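Undergrad: I have a structure I would like to understand better, so I am pasting it below and will then ask my questions one at a time.
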Amino acid sequence: MQPLKRITIVSLLVALISVISGCGQQYTVLNPKGPVGEIQFNLIVISAILLAVVIIPVLIFFAYIVFRYRDKPGNKASYMPEWDDNKVLETVWWAIPIIVIGALAVFTVRDTFVLAEQPSKGVKPITIQVTSLDWKWLFLYPEQGIATVNYVVIPTVTPVRFELTTDAPINSFWVPQLGGQKYTLPGKALNLWLEAKEEGSYFGTANNFSGKGFTEMKFQVIAKPNPKFSDWVEQVKGSAPELTRKGYEELSKPGLVEKQDYASFPPDLFDYIIDKNGGQYYKENRKNEVEKAQ
Amino acid sequence: MLENVKKFASEFFVTGNTLIYAADISIVLTSLSIVFALTYFKKWGWLWREWLTTVDHKKIGIMYLISSLLMLFRGGVDALLMRTQLAFPNMEFLNSEHYNQIFTTHGTIMILFMAMPLMFALFNLVVPLQLGARDVAYPFLNAVSFWLFFFGAMLFNLSFVVGGSPDAGWLSYPPLSENTFSPGPGQNFYIWGIQISGIGSLATGINFLVTILKMRAPGMSLMKMPLFSWSVLSSCIAIIFAFPVLTVTLGLLFVDRFFGAHFFTLDGGGNPMFYINLIWMWGHPEVYIVVLPAFGIFSEVVSTFARKKIFGYKSMVFALVSISLLSFFTWVHHFFTMASNTVDAFFAVTTMAVAIPTGVKVFNWLFTMFRGRIQMKTPMLWMTGFIPTFLVGGATGVMLAVAPANFQYHNNYFLIAHFHQVLIGGVTFGFFAGMYYWWPKVFGFMLNEYLGKWAFWLWNIGFYVTFMPQYALGLMGMPRRSYTYGWDMGWWPLNFVSTIGAFLMGAGFVFQVWQIVYSIIHRQRDLTGDPWDGRTLEWSIPSPPPVYNFAVIPQVEKQDDWWYKKQNGSHRNKAVKYKPIHMPKDSGIPFITGFFWFVAGFGFTFEWVWIGLSGLIGVAVSLFTRYLQKDTDYYIPAEQVEATESAIGGARS
């Protein structure tokens, strides 16, 4: 059974090496660029280590058993065909997973609650409203009064509260380097806190299948220091066309588009999108969620 | 007139793709050659009498086995098409729509039309034999279940050439699966294909639960029952609670699509999350439904081939039952990314908790091998291949259950790698182990070990080459269901390696087919009925078993009863007085009922209401005919039993 063991170990090593060497930029999840992504990265590392501590010895033990107790003439290892019970051993291996899972559960529950809150406390956050469309992303900046499509610019070291909804099938908004994703649901607005600690351009993607153009639904998140962010807002305000209700209806039709800038948008656009998709049934919910976030 | 026919045909038949034309041709040619062969060899009567009308659980098991292997081929070809498309960036082998259809049918077929029937094949082939029973509790219902599965699967597969395949994913989340975003028959094929076979699955669950609880040989208390039967019992409990949810969910989706209701669309006050909760309340238990029997198989295989009693029998039973119960407390982990943090925390912990009994089982299997004598026959090879795969797959499952970290893995290739690792490494390897283990019992001849080893190594190596890179791709941010990607992402090398692995697994399947064909031609008969020196009752009767299984119902004294009877020599035939055996009569009604379900499903799929309604009326009439039937059973006379036994028993040592 040597080959089996060898193949397993080699494959695991290959996986491990490719993961470790993933300190390269390609491994976006393992290269967090903000506090939310860091919390998640730490959890990934903790869980991987805790599990490896159990799995690796068991794999080695398994390989040993298969080798030691094989049915070969002259095998001197002990053979006890009736031995089927040992209370101490069984207690030990009920205890091992209970302890590991228990420890992991503590971290999990703690961070689940941490992630629902604003990442850097004491910094004034900004809000960006995100709508997934067939098959593009619309970003509204209620505080700045501008809008973009398929790319979003955020200030660095500032918590960003993304309010997510959809005017198309359910999707998921994901920027791996800044932190995990959340669904965009029709008629509802979910909150997702993200924050970038350094300047840069981050890969963002649609992550829940939504039909024909789903694969092309990528977007860019560009993080700029606050002054540059303000400059950019002014520039959009000065040069871009405005997004009207009619323009929105045109934009929301199924199809692909390039990046867009809009100097303004109808102030009630986001509420309109939510209500259009049944938001009126969930008004109370939404009010509570907005209050909770503030 | 001609114009109308042309227009209808171009909408009715799927057109415009060479792959599909090739499939059309091969389907027509295969069908014609089957019809020709049956006519030429005058086998129509034989087919009808021996197979289509049978209520014998062993023959039904064989039909399940053949169908599931065919579906494995179909689902496997889907997988290879997808991996070919993803081998290089910006490939134009498949377009987006075609790719979407293929991943949808791949997932649906592999879970519902490959894993489920392969599992039911083993239920049917083994459980009554292992219990010392002559049949299942409801033989007629068992045949109905099979034909519902079969016609459901055929209806679903028909979408490939007629009407168009579903393309909203294997669980078809609304609103994408609603009329607005998925008009046309594709999605209806999905609803009706699964609905019909799902009703059959529910009936099978009930049937085997009752069989196990009521039909055990005298003396076989539950705590003396073989572990495979225990695993089937746990699986059936989960089926009985989960499948009604599926039936209702698909029913509501159909009402939405057909009558314009708003169960799952918010604009009328419904909610798509309602569907997602419901479908996973079935869907998550479903994966435990298919993996539990695999655990049972591994327990049988490991103790037979390590030539040792299973370690910690009571722990194993407790673990099986607790997994089947815990499986109902995990469904929200499929959408951590929408729920509130309290709900996430709760379901994260309950999901991780499943790892506890599962981990215990692995330790028990290891200690069954410890101080044993391990024989590396093909079934055992699949068992040993399973352990490392499942350990790693289980560990990544726990990693996925960590809710905040899940925000990073959700819906990307990390998840794809994880669930293929547990479903291939756990379920498929398990069912293959079972298939190889019980093959000589069912068919009376051995499978070639040499080709079997080739098949195993190709599958096993192919598996790691395919899915290990996918974990890395997930951490690189590659979303599942992307049909293409650019050179700039750096995803190419790993995708390419993954595609090579998929073809290695495909080669493994080819070797399995070769192995079966070779072994049929060069038949190596098993005259002993007990080629592996087994431990449980199925090995105490000749292979293949006679129609009544046990000429005399055995009296069970302990766990692994057959093994101990062999040890103390009490298994040798004593002079027995045979009694007449009560058996159910064959019936054509299950096949006809299934066919009418197919007609109903087909009608509603195209919204041809009158065809749909006639199908449903046909179902009602055929079942009512059964209700009126009085002559449904018969006795095999004692002399005939004696003659059969001396003919097949005489061949045994």
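The values are calculated or read from the model by the stated rules, or taken from the named source; none is laboratory data. Please read these numbers as outputs of a predicted model, since none were measured by experiment. So basically every Cβ, Gly included, is an ideal-geometry build from the backbone, and we count neighbours across all protein chains shown. For accessibility, only protein heavy atoms count, side chains too; no ligands or nucleic acids. Shrake-Rupley method; radii C 1.70, N 1.55, O 1.52, S 1.80 Å.
Undergrad: May I have the extent of the alpha carbons of the stretch B:117-185 along their three principal axes, as whole Å values ordered from largest to smallest?
TA: 54, 22, 17
Undergrad: Relative to the longest principal axis of the C-alpha atoms of chain B, give the angle of the C-alpha long axis of helix B:449-475, reported between 0 and 90° and rounded to the nearest 10°.
TA: 30 degrees
Undergrad: State the percent of C-alpha pairs, over all pairs in the stretch B:246-372, separated by a distance greater than 25 angstrom. Please list the in-between numbers first.
TA: Values: 3512 of 8001 pairs.
The answer is 44 percent, as a whole percent.
Undergrad: Okay, moving on. Which net charge results when you count Lys and Arg as +1 and Asp and Glu as -1 among the other residues whose beta-carbon is under 12 Å from that of residue B:338?
TA: Values: positive: A:182, A:188; negative: B:344.
Here the charged neighbours net out to +1.
Undergrad: What is the Å³ per residue value for the convex hull set by the Cα atoms of the stretch B:57-149? Walk me through the intermediate numbers first.
TA: Values: hull volume 7.8 nm³, N = 93.
Hull volume over Cα atoms, normalised by residue count, gives 84 Å³.
Undergrad: Still on this structure: At what distance in nm do the modelled label points of residue A:249 and residue A:64 sit from each other, each positioned 7 Å from its Cα along Cα→Cβ?
TA: 7.4 nm
Undergrad: Could you sort B:122-128, A:78-84, B:163-169, A:144-150 so that the peptide with the highest average Cβ count within 10 Å comes first and the rest follow in order? Before the final figure, lay out the partial values.
TA: On the way: B:122-128: 27.9, A:78-84: 13.4, B:163-169: 23.6, A:144-150: 21.4.
The densest-packed peptide leads the list: B:122-128, B:163-169, A:144-150, A:78-84.
Undergrad: Can you give the direction-averaged projected area of the convex hull of the alpha-carbon atoms in the protein assembly as shown, in nm²? Don't skip to the end; give the middle numbers.
TA: Numbers: hull surface 161.9 nm².
With every direction weighted equally, the projected area is 40.5 nm².
Undergrad: A further question follows. If you find the alpha carbon centre of the stretch B:1-35 and of the stretch B:182-204, how far apart are they in angstrom?
TA: Cα centroid to Cα centroid, the span is 23 Å.
Undergrad: Based on the Cα atoms of the stretch B:414-523, what semi-axes does the equivalent ellipsoid have, where each is the square root of 5 times one gyration tensor eigenvalue, given in whole Å with the largest first?
TA: Details: eigenvalues 237, 39, 16 Å².
They are 34, 14, 9 Å, listed from largest to smallest.
Undergrad: How long is chain B along each principal axis, judged by its Cα atoms, biggest number first, in Å?
TA: The principal-axis extents, from largest down, are 74, 62, 47 Å.
Undergrad: While we're looking at this one, here's another question. Can you give me the convex hull volume of the Cα atoms of the stretch A:25-104, divided per residue and expressed in Å³? Walk me through the numbers on the way to the answer.
TA: On the way: hull volume 9.4 nm³, N = 80.
Considering the Cα atoms of the stretch A:25-104, their hull volume per residue is 118 Å³.
Undergrad: Shifting gears a bit: Based on the Cα gyration tensor of the stretch A:143-263, what are the three equivalent ellipsoid semi-axes, each the root of five times an eigenvalue, rounded to whole Å and given largest first?
TA: Working: eigenvalues 100, 76, 32 Å².
Taking √(5λ) for each Cα gyration eigenvalue gives 22, 19, 13 Å.
Undergrad: Report the net charge of residues surrounding residue B:588, where surrounding means a beta-carbon distance below 13 angstrom and charges are Lys +1, Arg +1, Asp -1, Glu -1.
TA: Details: positive: B:49, B:585, B:626; negative: B:50, B:586.
Once positives and negatives cancel, what remains is +1.
Undergrad: Angle check, please: helix A:35-68 long axis (alpha carbons) against the longest principal axis of chain A (alpha carbons), in degrees 0 to 90, nearest 10.
TA: It is inclined by approximately 20 degrees.
Undergrad: Let me ask something else about it. Quote the FRET efficiency, to the nearest 0.05, computed for residue A:89 versus residue B:24 with a Förster distance R0 of 45 Å and r equal to the Cβ-Cβ distance. Mind dumping the intermediate values first?
TA: On the way: r = 60 Å, r/R0 = 1.33.
It comes out at approximately 0.15.
Undergrad: Let me confirm one metric for peptide B:465-477, namely the mean number of other chain beta-carbon atoms within 10 Å of its residues' beta-carbons. Working shown, then result.
TA: Numbers: counts 3, 0, 2, 9, 4, 1, 3, 11, 3, 3, 11, 11, 12.
Counting other chains' Cβ atoms within 10 Å and averaging over B:465-477 gives 6.
Undergrad: Using protein heavy atoms only (no ligands, DNA or RNA), what is the total accessible area buried between B and A, 1.4 Å probe, nearest 100 Å²? Intermediate results must be reported in sequence, preceding the final value.
TA: Details: alone 27310 and 17300 Å², together 36160 Å².
Counting both chains, the buried surface is close to 8400 Å².
Undergrad: Let me ask another. Per the helix-only calculation at 222 nm, which mean residue ellipticity applies to chain A, given -39500 (n - 2.57) for every DSSP H run of n ≥ 4 and division by its residues, nearest 500 deg cm²/dmol?
TA: Working: 7 runs with 122 residues, N = 294.
Rounded to the nearest 500, it is -14000 deg cm²/dmol.
Undergrad: Additional query: Inside 10 Å of the C-beta atoms of B:175-185, what's the mean count of C-beta atoms belonging to other chains? Walk me through the intermediate numbers first.
TA: Working: counts 7, 9, 1, 1, 0, 2, 7, 2, 0, 0, 0.
The mean count of partner-chain Cβ atoms within 10 Å per residue comes to 3.
Undergrad: Given +1 on the Cβ of Lys and Arg, -1 on the Cβ of Asp and Glu, and no further charges, what dipole in debye does the stretch A:62-122 carry about its Cα centre, rounded to the nearest 20?
TA: 300 debye
Undergrad: Taking R0 as 30 Å, what FRET efficiency do you get between residue A:82 and residue B:214 from their Cβ-Cβ distance, rounded to the nearest 0.05? Numbers along the way, then the final one.
TA: Numbers: r = 31 Å, r/R0 = 1.05.
Working from the Cβ atoms, E equals 0.45.
Undergrad: So how far apart, in nm, are the two label points at residue B:527 and residue B:32 if each is 7 Å from Cα heading toward Cβ?
TA: Inter-label distance under the simple model: 4.6 nm.
Undergrad: Are there any GluC sites (Glu not before Pro) in the stretch A:215-249 that are in a DSSP loop and have at most 14 other Cβ atoms within 10 Å? List them by number. Display every interim value, and only then the final one.
TA: Numbers: sites: A:216, A:234, A:242, A:249; in loops: A:242.
Listed in order of number, the matching sites are A:242.
Undergrad: Can you tell me the relative contact order of chain B? Whole percent, Cα pairs under 8 Å, sequence separation 6 or more.
TA: Working: 1038 pairs, mean separation 109.3, N = 653.
That works out to 17 percent.
Undergrad: On the protein heavy atoms, probe 1.4 angstrom, tell me the percent of accessible surface of the protein assembly as shown carried by carbon and sulfur. Write down the numbers at each step before the final one.
TA: On the way: 24240 of 36160 Å².
Carbon and sulfur together cover 67 percent of it.
Undergrad: Report the FRET efficiency, 1/(1 + (r/R0)^6), for residue A:242 and residue A:110, where r is their Cβ-Cβ distance and R0 is 51 Å, rounded to 0.05.
TA: On the way: r = 46 Å, r/R0 = 0.89.
With a Förster radius of 51 Å, E is 0.65.
Undergrad: Over all residues in B:361-367, what is the mean tally of Cβ atoms on other chains that come within 10 Å of each residue's Cβ? Present the calculation step by step, with values, prior to reporting the outcome.
TA: Working: counts 1, 5, 9, 4, 2, 7, 9.
Rounded to a whole number, the mean comes out at 5.
Undergrad: What is the Cα centroid distance between the stretch B:539-607 and the stretch B:251-294, reported in whole angstrom?
TA: Computed from Cα coordinates, the inter-centre distance equals 36 Å.
Undergrad: Could you work out how far helix A:226-239 tilts from the main Cα principal axis of chain A, as a 0 to 90 degree angle to the nearest 10?
TA: 50 degrees
Undergrad: Next up: List the pairs from A:212/A:237; B:224/B:308; A:121/A:224; A:87/B:441; A:76/B:441 whose alpha-carbon separation is above 27 Å, in the order I gave them. Walk me through the numbers on the way to the answer.
TA: Details: A:212/A:237 33 Å; B:224/B:308 16 Å; A:121/A:224 20 Å; A:87/B:441 36 Å; A:76/B:441 33 Å.
Pairs exceeding the cut-off: A:212/A:237; A:87/B:441; A:76/B:441.
Undergrad: Could you state the per residue volume, in Å³, of the convex hull enclosing the Cα atoms of chain A? Could the numbers behind the result be given before it?
TA: On the way: hull volume 54.7 nm³, N = 294.
Hull volume over Cα atoms, normalised by residue count, gives 186 Å³.
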